[in-house]
1. I'm trying to understand the selection: among the residues of the stretch 207-226, which are in a helix (DSSP H, G or I) and closer than 30 Å to D267 by Cβ?
2. State whether the residues of the stretch 54-65 include one that is in contact with a strand residue (DSSP E or B) (Cβ under 8 Å, 6 or more places away or on another chain) and either over 30 Å from G217 (Cα atoms) or touching a residue at least 60 places away in the same chain (Cβ under 8 Å) (or both).
3. Any idea which of S287, S232 is modelled with pLDDT of 95 or more, over 19 Å from N344 (Cα atoms) and polar (S, T, N, Q)?
4. Answer yes or no: is there a residue in the stretch 2-11 that is in a helix (DSSP H, G or I) and either farther than 23 Å from S120 by Cβ or not aliphatic (A, V, I, L, M) (or both).
5. From the set of residues in the stretch 319-344 that are farther than 16 Å from G19 by Cβ and β-branched (V, I, T), which is surrounded by the fewest Cβ atoms within 10 Å (Cβ to Cβ)?
6. Which residues, counting only those in the stretch 162-192, are on the phi > 0 side of the Ramachandran plot and crowded, with 16+ Cβ neighbours inside 10 Å?
7. I'd like to know if the stretch 75-97 contains one or more residues that are of a type outside the set (D, E, K, R), touching an Asp or Glu at 6+ places or on another chain (Cβ under 7 Å) and either free of Cβ contacts under 8 Å to residues at least 24 places away in the same chain or surrounded by fewer than 21 Cβ atoms within 10 Å (Cβ to Cβ) (or both).
8. As an exercise: evaluate G251 against (1) closer than 19 Å to E25 by Cβ; (2) small (G, A, S); (3) modelled with pLDDT of 95 or more and give the number of the one condition it does not meet.
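The values are calculated or read from the model by the stated rules, or taken from the named source; none is laboratory data. Since the model is a prediction, treat every value here as computed from it, not as a measurement. Note that each Cβ is placed from the backbone with ideal geometry, even for glycine, and that neighbours are counted across all protein chains shown.
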Amino acid sequence: MEKRKLGNTDLMVSKICLGTMIFGEQVTEAVGHEQMNYAVDMGINFFDTAEMYAVPPRKETQGTTEKIIGNWFGKKKNRENIILATKICGRAPFTWLRDDESPTEQNKKQIFEAVEKSLSRLQTDYIDLYQLHWPDRPMNIFGSYKHIEGSTNSIESILDALGELVKQGKIRYIGLSNETPWGTMEFLIQSGKNNLPRVQSIQNAYNLLNRNFESGGSEIAFRENVGLLAYSPLAQGYLTGKYQNGALPQGSRKQLFDRLQRYESVDSEKAIDSYLKIAEKNNIDPSQLANQFVTTRPFVTSNIIGATNMDQLKLAVTSVEVDLTEEIEKEIDNAFQLHGNKAN
């Protein structure tokens with residue numbers, strides 16, 4: 001498995017990252033451990049999680065994913081072999097995450113509390129990449145942009161708190177997630193001005209239906225060396241074709257939680273059909289086509305894949321073997337020119 005440099009760090013991460021957000025919900029601890037074992041056997045050294053996982057976020061399952069990973073570390077005794085990324089929530093009404101039942105925000109007190117709890121659940125004394133799951137700024141960024149006035153913790157104060165944790169050795173590097181180009185640049189500016197930790201990566205949605213990162217984020221990735229950790233490469237399963245023509249597979253995320261409206265925009269089904277036809281024409285599994293498209297973009301540091309079962313995981317991991325020829329790339333570009341972005 002090819003390794004790529006994470007930002008300006010000395011860390012080399014696998015180009016496929018194991019996403020774990022459904023460990024503890026759709027994936028049991030036993031299957032989660034099986035997935036991690038397989039991932040390591042296939043050369044993956046990069047795992048991603050978050051304090052609020054499993055998804056969908058709720059009090060009963062919060063922190064379960066980190067606990068499952070921590071139990072695996074406890075069994076395998078291989079923490080030093082894994083580059084571990086986790087996240088702190090941005091501003092949200094998730095009162096069950098904090099001891100004082102405050103809504104989440106990224107102030108110093110909450111950042112310190114969140115890190116200590118993640119370290120405990122993960123059974124480790126350091127986190128390789130600590131990410132801000134979404135901006136502390138009060139704005140809607142999951143699916144659309146809408147400016148909302150309100151209070152916020154300054155970017156400088158957030159970086160200052162994270163800097164203290166870096167000095168303590170509890171986190172090594174920091175990253176962003178679900179962030180805008182403006183936000184990414186402001187973090188870089190503030191870190192440079194105040195000698196604070198520098199952002200090394202950005203974890204945003206990126207897939208055949210959502211290539212918005214190319215418009216602003218990709219230039220930052222190239223010029224500032226803040227590479228993309230791409231999540232949702234299958235557009236939450238839509239690019240497999242399993243939801244086409246109104247299908248609702250039993251046990252699927254949409255059937256269980258009805259949370260996938262981000263990929264149900266006008267004419268999105270037509271766009272999905274076009275990519276499914278490209279895969280069929282070239283005798284490629286559609287999920288592997290979608291995954292390999294993401295993995296091979298030059299601004300992507302790692303493609304965060306996820307699976308509810310081992311068959312799905314093996315398809316995702318072995319997608320790196322797919323040859324996206326020049327002709328296939330042209331077909332994908334033609335489809336994108338016709339349909340454009342169908343999600344944000």
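1. N212, F213, E214, S215, G217, S218, E219, I220, A221
2. Yes, there is a match, as at least one residue in the stretch 54-65 is in contact with a strand residue (DSSP E or B) (Cβ under 8 Å, 6 or more places away or on another chain) and either over 30 Å from G217 (Cα atoms) or touching a residue at least 60 places away in the same chain (Cβ under 8 Å) (or both).
3. None of the other options fit; the residue is S287.
4. Kept after step one, since they are in a helix (DSSP H, G or I), are these residues of the stretch 2-11: none.
No, there is no match, as no residue in the stretch 2-11 is in a helix (DSSP H, G or I) and either farther than 23 Å from S120 by Cβ or not aliphatic (A, V, I, L, M) (or both).
5. T325
6. The answer is N178, and nothing else.
7. Looking through the stretch 75-97, at least one residue is of a type outside the set (D, E, K, R), touching an Asp or Glu at 6+ places or on another chain (Cβ under 7 Å) and either free of Cβ contacts under 8 Å to residues at least 24 places away in the same chain or surrounded by fewer than 21 Cβ atoms within 10 Å (Cβ to Cβ) (or both).
8. (3) is the only condition that G251 fails.
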